[in-house]
Every structure is written in structure tokens, then in C-alpha cells.
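What follows draws every value from the coordinates through simple rules; no lab data is involved. Since we're looking at a predicted model, the values are computed, not measured. Positions of Cβ are generated from backbone atoms using ideal geometry, with glycine treated the same way; all protein chains shown enter the neighbour counts.
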Amino acid sequence: MSTNRLRNSLLTGVAGLVLMNTVQAATPVWTFAQVSGYPSSITVSTTGAATVKYTVTNQSHKTHTLQMRPIQGIASSGCTLPLGYQQQCTLTLSVNGSGLKGDVLGGPVLCDQGNPNQCYQPSQANSLAIRLTQAPPIQQYTVTSTAGSNGSVSPSGAQTVNSGATLTFTATPGSGYGVAQWLLDGTPVQTGGTIYQLSNITANHTVNVTFGTVTLTPSVSTLALSINCLPSSSCATTKNAALTGNPRQITIQNTGSANATNVSVNTQGLPLGTTVSTNTCSGTLNASGSCVITLTPGSIASSDSSSAACTSGTQPVASTVTVTADGGLSSQVNAYVLGYGCQYQGGFLYSVDDSYTDYPVSVSIGGKVAALTDQAPAYPNGIVWDSSSGCITSPYNNCYTTSADSFTNGTNLSTPAPGGNTYLIYQTLTTNHNEQVNSYAAGLCTATIATYSDWYLPAICEMGPGSGNNICSTTNVEQNMVDNLSFLLASSAPCTTPSGCLAGLYWSSTEYSPNPTEYAWFQYFASGGGSGQVANYKGHVHLGVRCSRALTL
């Protein structure tokens, strides 16, 4: 071979290697995709906030643990656990306008924790494009509150608030007195009740509370009842036996120093079919005496703000029961007639306990609700059941056994009954082995959600009925989400409440008893009766989480 030919061959080979290395270097090892509904191109005011989300996918056969380069005014969460080949995580960016120093253009940048120079960011079209704008001045108003003789109000005096604010006032009657009236700008707006709330303030106001010499005190401030879902009624479902519509009582006691005269009961907004079936609160009620009002529900649930029954997944508007008397008033009692699907106490109602076995008739119904939204998205962007190192790495069989084997008892941390799954999982993974609660499925349910802090990861039979000879369709039959929240199930078609849809694979809190070290049960939510239950590796798959809680009576 001539010298020139040899030189040309070598140059060609070197050029090929350089070209190959350049292509490899330009190929991202982990990629970014925008999550629908959370765009990266946004405008935020100096008093505003926004959320941007990306799905991050590890494209290499090597496991990587990622960390984001800090951006002032933007807090990140997610994508902190090791990612294996083709595994995904959700990177959530919480943008705080007051913390930004200016526009943010480009990024976010995720780097390998072990190699800070190996970093990637989204494509130019998907990179951050956050424009910061100056917020307009906030309009403010003054609300001045006063109390009549024989009592006080808090807060008292002048309060300066922003436009649209809400102020809540609490009246404290003197001994032997009760609240008579609340007046807004001199006009009566509420009779009785120790609490008055002024919402959406868009002008200056005065609030005054007066007191009378009679105190009519109800046994409850809120009363929840079940619809009476007879097989022949319009609410009938395949599981209506629990919706018995038992009557509930409100006891009114005169705790004042004088007799109450001209006592009468007024109701407002009771759903069709719900009646006051017993009422002894009329005429004169002596000091220290009491009377009883009985509500008997019908087959129609309370309506929402659009006058539709709340069983379609909406928030019911409270009906009111008010007892009046000369010289003062009792507090109003808010009443709700509930069926499956109604929003109540932070979730969708899917289980009802309308018995009187364990509590008196003057207490609300028991039951269970499912959270209004997911705490982790469905497969493949969810979370593992056990995040311990031996469980999330191949061969995924060195997980912890927690004894969380109940099919019906998820239970929350505040009621650690023997066999309660979430309690047992938390004790094993967090108390004994220091796993962070935001790294595993049941741990997400220890958070405060919709102001409640007693959530738990539901057991498998609380989620669905199973099929055929499945354990949930035989000896462990429970009121469950699949049967009683069918309007949330979505697979081929959107459900009626997209923000709360149940679609795909979700973890239960129940370990798989034939192999509890490696497997736990999950629920497949799908429309059209296609739901099912299967066991899978605790640390190998990332499934959804929808927490549950028991109603507060």
C-alpha cells in the first residue's frame, strides 16, 4: 500500500470515529417530555405561582440518580430516586413569582449525582420560558366588627383585608345569653350561631352581633344522613343495601337562664323526599329543658350549586335546620343527605355505615371516601410500594415483609388497629427502616390532604370487587370504589370529572400472602366492567396512589 493511500485510510477512519463520538455525545442519556396541562412556556406575576411538569425517561442501560441544578424562585420535587433503563419519573417545578429575579429562559438541567458534568435539559421547544410580570396593586378594604351588650366578638374592631378575602367572626355570649342576630351594614343576615363568615369582600363593611337571654344549643352543628336507596328507587345500584336512609336526630337544649318562648323550627333546602318526621321543639322550652327534631331522608341526595344531585361527584350545598325563639336563637344545623359519589369531608363517598350499632342516632353516618385526586399518577409514572434499596434494584426480591395482609382494613396512622395495613407498612418502612414517606405508596397517604390528616392506602377489597373466584368477590366483599364510583372510571373515554378520574393501575395496601416479601396487590381501574386485581413486584413497577379515609362522625 502506498504512503498516500495509507494516510488517506487513516484519516478516513479517524474522521469516522470523531463523527461517531459526536453523534453519541449529542444523544441525551435522559430525555424530557412536557406533561399535558403543565406547559413550560408561561407568564407569572410577582405575586403569582405556577407549576411545570416533565416526564423524565432514562434512555441508557445504566441506572442514574439525578439532581437538578438550582433555579432561584423555583422549587423542584420528584426524580430523586434511581432510574433504571426506560424507567420514568415526574419532575415537578413549583414557580414562585415573588422569588424570581427575572425571566427564566432554558432548563431545567438534570445532572447525574455521581458525574456533575453529565447533564441534560429539554429540547429548545420544551425548555423553560417563564416571563415575570409586575403584579398590579392590590385593592384593600376595611371591615369593622362590634358586639352588643352581654357578649363579645373576635376579631374585634377594624380589619384591613385584600379584595376577595374571607373573614370569619366568632361570637362569645355572656353567661345566660345566646347569639340573637348578625347584622351586615345594619341589615340582619344571620339569626343565631356563634360563627359568621363574610366572603368575597369587595367593599368596606360593618359587622355587628347582638345577644339575647335564651341559649338554644343543638347537639350537633353538622349532620350527615344516607339516602334511602330502595331497590325500586331511582338511586338503586348493584350495592344499595348499605344506603338504608335511617332517621337522624337533633337534640336542642335550652342552656340559658330563662325559658324560651315561641320556639319554632325552620328548614331550608332539604332535598325532595327528606322530611322532619318528628318535632317536639315548639311553644315553650324551659331553662335546662330539651326537645328533639328527627330528619328522615328520602331517595334523593342533596343538590350541588347547580341544583343537580351530588351523586355525580359534586359538592353538596348544606340544607339548614334552624330553631328560633323569642330573645335568641340556636345555632343553625347544616344537614347533608348523601349517596355514593357525593363529595364530603375531602373525598368521594364510596362506603356508607348507616347502622346504629356503635353510635347514637344523633351522630352522622359513618363511611369512607376516596381522595378527590391522585396522590401519585397511574402506571408507569407512579411510585413503588417499597422504596428500600434491595426492593427497587434487580432482582427486586429483597423487600421488607410488613404483615399488611388484610384485604379489607387499610386503616390510617391515628387508629393503629391490629392488622391495619397502612399502620403496619409505616411502622416497618419508616419507623424501623427510615424510608422517607414520600418515596413509597402508603407513605403518601400520611400527608394532609384537603385539610384532613387521617388518610390511608386502601386495602385491595376497598378498591374493587374482583371477579370470578377472586378473594374480594367471595369472603371479603366490601363497598368499594369500582362499584360505587363508576363515574370516575375511564379507559377509552374521559370520565365526567377529569381531575379525579381513576384510570389504570393503582397500588393497594395489601401484600400478596403467598409471597409477601416481593409482591403486593394492585387494582386496575377501567370503565365498562373491565377492572381487575393482580399482584406485582413491590419495587419494580411505579403505580398510582389514591388515598382513602374514614368519615369523622
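A compact table of results
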read-out: Mean ellipticity per residue at 222 nm, deg cm²/dmol - from DSSP H runs of n ≥ 4 across the chain, formula -39500 (n - 2.57); value: -2000 deg cm²/dmol
read-out: Using alpha-carbon coordinates, inclination of helix 3-26 to the longest axis of the chain, degrees; value: 10
read-out: Share antiparallel - DSSP beta bridges, the chain, percent rounded to 5; value: 85
read-out: Leading residue at positive end of dipole, the chain (Cβ point charges), from VAL153, ALA258, GLY102; value: GLY102
read-out: Cβ crowding within 10 Å averaged over residues, with 195-207, 423-435, 378-390, 101-113 ranked highest first; value: 378-390, 423-435, 101-113, 195-207
read-out: Hydrodynamic radius by Kirkwood, which averages 1/r over all alpha carbon pairs of the chain, in angstrom; value: 27.5
read-out: Percent RCO, i.e. relative contact order, over the range 216-367, from Cα pairs under 8 Å lying at least 6 residues apart; value: 30
